[in-house]
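> So that we are looking at the same thing, I have put the structure below in structure tokens.
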Amino acid sequence: MSYDRALTVFSPDGHLFQVEYAQEAVRKGTCAVGICGTDAVVLGVEKKAALKLQDSRTMRKIHQLDQHIFIASAGLVADARVLVDMARVECQNHRLTIEDPPTVEFITHYVASIQQRYTQSGGRRPFGISTLIVGFDPDGSPRLFQTDPSGIYYQWKANSIGRNSQTVREYLEKHYSENIGEADAVKLAVKSLLEVVQTGAKNIDILVITKDGSRTPNVDEIEGVIKVIEAEKAEEAEKKAARRTTSS
């Protein structure tokens with residue numbers, strides 16, 4: 001029996017192959033990074049190069065769900081658009097019913113529930129995306145969550161999804177600190193994306209979310225951060241060379 005042809009049938013060793021194929025679609029998607037700091041949450045995404053006659057403004061990887069909640073995705077962009085529309089409606093339903101803004105975990109749970117629902121019945125396929133959902137709760141706490149095509153979700157301090165996400169995650173594990181501020185979080189996001197993005201600032205998008213709102217650094221600001229990073233690398237290389245000279 002071809003277990004990969006039926007979404008609702010487990011293979012003998014306990015796999016749902018269609019879900020695993022959806023996760024493979026995520027691994028082939030462009031990279032996205034989320035970093036939770038003390039006073040800000042930073043989202044960074046790798047942008048595909050726009051064609052000469054293409055309007056780059058229509059190539060969005062970061063979407064706003066509510067005034068204080070944003071989402072980035074890796075995988076099939078069209079699937080992400082459908083989930084974003086559903087999540088936006090749920091945010092407004094929450095405000096209308098409860099008369100309070102939703103928490104980041106509430107919307108993450110909703111998105112993950114939708115993804116899980118599409119793994120449990122025939123005639124449909126799983127969403128081919130993972131998401132990073134970030135924002136500030138009404139009590140002022142920064143939050144970062146990840147969902148995947150199977151419908152599970154976790155809270156993270158820093159994480160990455162998409163192409164070469166394991167490499168980026170290992171970099172974040174080495175360089176993340178608990179008391180990281182806004183400026184350092186932006187620098188860490190750019191540094192981690194440079195592990196997989198070779199073309200520099202023009203193919204990197206950064207979003208900074210604080211208690212007071214959000215802002216998107218322009219290409220010049222990102223270029224400035226990259227120059228600082230390159231200067232730090234050059235200085236570190238000079239120190240290593242000096243140590244080797246002294247020891248020899």
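The values are calculated or read from the model by the stated rules, or taken from the named source; none is laboratory data. Small disclaimer: the values here were computed from a predicted structure and weren't measured. So basically every Cβ, Gly included, is an ideal-geometry build from the backbone, and we count neighbours across all protein chains shown. Just the protein is used for accessible areas: all its heavy atoms, side chains included, with ligands, DNA and RNA removed. Shrake-Rupley method; radii C 1.70, N 1.55, O 1.52, S 1.80 Å.
> In region 139-170, what residues are without any contact (Cβ under 8 Å) to a residue 40 or more places away in the chain, surrounded by fewer than 24 Cβ atoms within 10 Å (Cβ to Cβ) and outside any helix (DSSP H, G or I)?
Within region 139-170, 139, 141, 151, 154 qualify.
> Right, next: The conditions are (1) of a type in the set (A, V, I, L, M, F, W, C); (2) open to solvent by less than 10 Å² (accessible area, probe 1.4 Å); (3) free of Cβ contacts under 8 Å to residues at least 12 places away in the same chain, and residue 183 fails exactly one of them. Which is it?
(2)
> Right, next: Give the number of residues within region 93-130 that are aromatic (Phe, Trp, Tyr), within 19 Å of residue 81 (Cβ to Cβ) and open to solvent by 40 Å² or more (accessible area, probe 1.4 Å). Show your work before the answer.
The first filter runs over region 93-130 and keeps only residues aromatic (Phe, Trp, Tyr), leaving 106, 110, 118, 127.
In the following step, the residues that additionally are within 19 Å of residue 81 (Cβ to Cβ) were identified as 110, 118, 127.
Narrowing the set further to residues that are open to solvent by 40 Å² or more (accessible area, probe 1.4 Å) leaves 110, 118.
Counting residues in region 93-130 that are aromatic (Phe, Trp, Tyr), within 19 Å of residue 81 (Cβ to Cβ) and open to solvent by 40 Å² or more (accessible area, probe 1.4 Å) gives 2.
> Pick out, from region 34-135, the strands (runs of 3 or more DSSP E) lying fully within it that include 3 or more residues that are under 14 Å from residue 148 (Cβ atoms) and under 14 Å from the mean Cα position of the chain (by Cα).
So the answer is 69-75.
> Can you tell me which residue within region 211-246, out of those that are in a helix (DSSP H, G or I) and touching a residue at least 40 places away in the same chain (Cβ under 8 Å), is farthest from the chain's Cα centre (by Cα)?
In this case the residue turns out to be 228.
> Given 19, 33, 45, 41, which one is open to solvent by less than 20 Å² (accessible area, probe 1.4 Å) and more than 23 Å from residue 142 (Cβ to Cβ)?
When all the criteria are applied, what remains is 19.
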